[in-house]
Amino acid sequence: MISRAHLESACCDLVTDVARVSGKVQLRVAGASMVPVLWPGDMLTVQSCDPAELPTASIVVFRQNERLIAHRLLGRTGDCLITRGDARPRCDEPVKASDVVGKVESIVRDGRAVNPQPSRWQGLAAAVLRRSEWCTWLFLRVGARLRKFGAGDAPNSSADSAGS
């Protein structure tokens, strides 16, 4: 029987290879670390790129502990990238350039394109969510209810983690 860790590693390898060979790969967001810009269920198009040319504030997809993570690039230290989920209080472990899959080129939510740069409202919401897990939980529940009843734009207004 194949272990879960082995399957996750194989999936990361496959996604990385597809991005490198074809130049792009599409991934569905599973986590909530980038709320309110990325929501669970969003579809990301990730463009393969040179990590040295990534602009600060872009959303990058990288491998970490045999998982794919989509977080915002905050800066660099030496040859590593400094990243953090918009709704997370702490930065990630430094990301090696070799672990970068690519840059999020586009986001599609409920069939509509979404801006990967946070609006002022989303920036304020992310600052609150970074400070409170309870607020994040509540925000996700309210957003899911609004989307379920057809008011999908309310929590997102103008603007979210491959799996973070």
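The values are calculated or read from the model by the stated rules, or taken from the named source; none is laboratory data. Values in this document were obtained by computation on a predicted structure and should not be read as measured data. Every residue, glycine as well, gets a Cβ built from its backbone with ideal geometry; the counts of neighbours run over all protein chains shown.
Test of understanding: among Val35, Val46, Val21, Val25, which residue is out of contact with any Gly (no Cβ under 8 Å at 6 or more places or on another chain) and among the hydrophobic types (A, V, I, L, M, F, W, C)?
Val21
Of the residues that make up region 115-124, is at least one within 16 Å of the chain's Cα centre (by Cα), assigned to a helix (DSSP H, G or I) and among the small types (Gly, Ala, Ser)?
yes
When the residues of region 75-98 are filtered to those that are of a type in the set (Asp, Glu) and within 15 Å of the chain's Cα centre (by Cα), which remaining residue is farthest from Pro40 (Cα to Cα)?
Asp92
I'd like the full set of residues that are of a type in the set (D, E, K, R) and in contact with a Ser or Thr (Cβ under 7 Å, 6 or more places away or on another chain), limited to region 64-79.
Glu66, Arg72
Within region 39-56, work out how many residues are at pLDDT 95 or above and within 12 Å of the chain's Cα centre (by Cα).
5
Name every residue in region 16-55 that is within 20 Å of Arg145 (Cα to Cα), in contact with a Ser or Thr (Cβ under 9 Å, 6 or more places away or on another chain) and not β-branched (Val, Ile, Thr), in order of residue number.
Answer for region 16-55, where residues must be within 20 Å of Arg145 (Cα to Cα), in contact with a Ser or Thr (Cβ under 9 Å, 6 or more places away or on another chain) and not β-branched (Val, Ile, Thr): Ala30, Gly31, Ala32, Ser33, Met34, Pro36, Leu38, Trp39, Pro40, Asp42, Met43.
Confirm whether Cys12 is surrounded by 14 or more Cβ atoms within 10 Å (Cβ to Cβ) and over 23 Å from Gly75 (Cα atoms).
So Cys12 fits the description; yes.
Would you pick out the residues in region 76-95 that are under 21 Å from Trp134 (Cα atoms) and not charged (D, E, K, R)?
Residues satisfying the conditions are Gly85, Ala87, Pro89, Cys91.
Taking region 85-115 as the region of interest, how many residues are more than 16 Å from Val25 (Cβ to Cβ) and buried (at least 18 other Cβ atoms within 10 Å of the Cβ)?
First pass over region 85-115, keeping only residues more than 16 Å from Val25 (Cβ to Cβ): 85-98, 109-115.
Next, from what is left, pick out any that are buried (at least 18 other Cβ atoms within 10 Å of the Cβ): 85-88, 92, 95, 109, 114.
Counting residues in region 85-115 that are more than 16 Å from Val25 (Cβ to Cβ) and buried (at least 18 other Cβ atoms within 10 Å of the Cβ) gives 8.
So which residues in region 59-81 are within 16 Å of Val29 (Cα to Cα) and crowded, with 17+ Cβ neighbours inside 10 Å, if there are any at all?
Ile59, Val60, Val61, Phe62, Arg63, Leu68, Ile69, Ala70, His71, Arg72 - these are the residues of region 59-81 that are within 16 Å of Val29 (Cα to Cα) and crowded, with 17+ Cβ neighbours inside 10 Å.
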